1. Any residue in the stretch 1-27 that is touching a residue at least 12 places away in the same chain (Cβ under 8 Å) sitting within a Cβ distance under 6 Å of a residue that is part of a loop (DSSP other than H, G, I, E, B) and surrounded by 15 or more Cβ atoms within 10 Å (Cβ to Cβ)? List the pairs, counting only those 6 or more apart or interchain.
2. Taking the stretch 1-14, which residues are surrounded by fewer than 17 Cβ atoms within 10 Å (Cβ to Cβ), part of a loop (DSSP other than H, G, I, E, B) and touching a helix residue (DSSP H, G or I) at 6+ places or on another chain (Cβ under 7 Å)?
3. Counting just the residues of the stretch 15-55 that are more than 10 Å from the chain's Cα centre (by Cα) and in a loop (DSSP other than H, G, I, E, B), which one comes out surrounded by the most Cβ atoms within 10 Å (Cβ to Cβ)?
């Protein structure tokens, strides 16, 4: 089972990004959130996916496929 990280912890694990950047990525769909009650958490595997994708959002990837 994945470890759940707070927005602050996710920001630190992604190289010290701002928590505001993490919130922006959540809003844009670049990162997927997991809600625990009213808290927004991020799965460790989700961070790994973003790192492997180079920060590309799923929306941008699907749009590129349609155009090509």
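A short reminder: the numbers here are calculations on the coordinates, not readings from a lab. Since this is a predicted model, take the numbers as computed values, not measurements. Ideal geometry is used to build each Cβ from the backbone, glycine not excepted, and the neighbour counts take in all protein chains shown.
1. 25/31; 26/33
2. Result: 2, 3.
3. The qualifying residue surrounded by the most Cβ atoms within 10 Å (Cβ to Cβ) is 17.
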